[in-house]
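Participant: The following block contains the structure, expressed as structure tokens.
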Amino acid sequence: MTTSPSHAAALVPTLTRDEPDAEVTGVVLLLHGGTEHSEAPVGNRSASWYRMRAIQRAVTPRAHERGVATWLLRYRTRGWNGTGAVPIADARWALEQITATHPGVPIVLLGHSMGGRTAIHVADAPGVVGVVGLAPWWPPDSPIAALRGRHLRAAHGRADKITSARATRAFVTAAETVAASAEFTDLGAVGHYMLRRVGDWNAYATETALGLLD
């Protein structure tokens with residue numbers, strides 16, 4: 001099933017929220033991947049969404065120990081489609097929901113692939129303290145301005161055939177000129193979909209996202 005751009009407005013983004021019992025001291029907003037061109041809605045069989053749901057489940061226990069909530073966004077449509085208008089708008093909407101629900105708390109954006117690309121466009125939103133990219137999709141012309149004063153972390157595998165570890169390393173280097181800090185982690189001979197060495201991906205996501213909230 002596909003939908004035209006004019007129909008995207010008729011769809012709605014959704015959030016899967018996991019709140020701690022204690023007072024909320026921070027929020028990790030998870031942003032799933034997508035594809036370069038697609039106007040199809042993100043359906044119930046979305047592998048990209050389910051992979052980030054698994055990351056959310058891995059992060060949440062330790063997050064809750066520290067009073068941190070985890071929120072997972074589901075975009076309206078699957079594709080970046082040139083400008084990223086839909087995922088960027090959906091991420092900004094999700095950030096508005098967070099600040100309305102938990103005013104004043106720090107927020108970390110945790111994005112895989114297209115989610116990482118979305119994150120660097122909305123990192124300038126109030127409350128955002130940092131971005132964590134998991135095998136992120138950062139083409140050479142990706143902007144760094146929204147990262148000014150924010151922390152940037154990224155992990156990539158050298159066996160990734162979908163997005164480029166070399167491009168990620170180059171983006172992190174470029175972001176050092178504006179970011180509060182920027183670090184790249186080489187995860188070795190692993191691919192894009194985080195299906196090998198799952199424990200390493202989960203540990204990196206958990207430790208890094210929560211570390212930026214400290």
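Participant: Return a whole-number percent for the relative contact order of region 143-194, with Cα pairs under 8 Å and 6 or more residues apart as the contact set.
Facilitator: In percent, rounded to a whole number, it is 51.
Participant: Could I ask something else about it? Rank Arg62, Arg57 by accessible area, highest first, at a 1.4 Å probe radius? Kindly include the intermediate steps, with their values, before the conclusion.
Facilitator: Working: Arg62 100, Arg57 140 Å².
Greatest to least solvent exposure: Arg57, Arg62.
Participant: Right, something else. Given the C-alpha atoms of region 160-214, compute the convex hull and give its volume per residue in Å³.
Facilitator: 80
Participant: Summarise the long-distance tail of P(r) for the chain by giving the % of C-alpha pairs beyond 32 Å.
Facilitator: Here the long-distance tail beyond 32 Å is 9 percent of all Cα pairs in the chain.
Participant: Helix-only estimate, please: 222 nm mean residue ellipticity of the chain, summing -39500 (n - 2.57) across DSSP H runs of length 4 or more and dividing by its residues, to the nearest 500.
Facilitator: Only helices count here, giving -11000 deg cm²/dmol.
Participant: Enter the accessible area of Val12 (Å², nearest 10), with the probe set to 1.4 Å and all protein chains included.
Facilitator: Here the accessible area works out near 110 Å².
Participant: Provide the percentage of antiparallel DSSP beta bridges, counting only those with both residues in the chain; round to the nearest 5.
Facilitator: If we restrict to bridges inside the chain, about 15 percent are antiparallel.
Participant: Pick out the long, greasy-scoring helices in the chain: whole DSSP H runs spanning 20 Å or more along their own axis by Cα, mean Kyte-Doolittle at least -1.0.
Facilitator: Working: long enough: 47-65 (28 Å, -0.83); 85-101 (24 Å, 0.42); 198-213 (23 Å, 0.38).
Span-like helices, by this rule, are 47-65, 85-101, 198-213.
Participant: Considering just Cα atoms, how many Å³ per residue does the convex hull of region 10-103 enclose?
Facilitator: Once divided by residue count, the hull of region 10-103 is 93 Å³.
Participant: If you filter region 21-73 for GluC sites (Glu not before Pro), then keep DSSP loop positions with at most 12 other Cβ within 10 Å, what is left?
Facilitator: When the GluC sites (Glu not before Pro) of region 21-73 are filtered for loop state and at most 12 Cβ neighbours within 10 Å, Glu23, Glu36 remain.
The values are calculated or read from the model by the stated rules, or taken from the named source; none is laboratory data. These figures come from a predicted structure and were not determined experimentally. Heads up, the Cβs are rebuilt from the backbone with ideal geometry, glycines too, and the neighbour counts pull from every protein chain shown. What goes into the accessible areas is simple: the full protein's heavy atoms, side chains included, and nothing from ligands, DNA or RNA. Shrake-Rupley method; radii C 1.70, N 1.55, O 1.52, S 1.80 Å.
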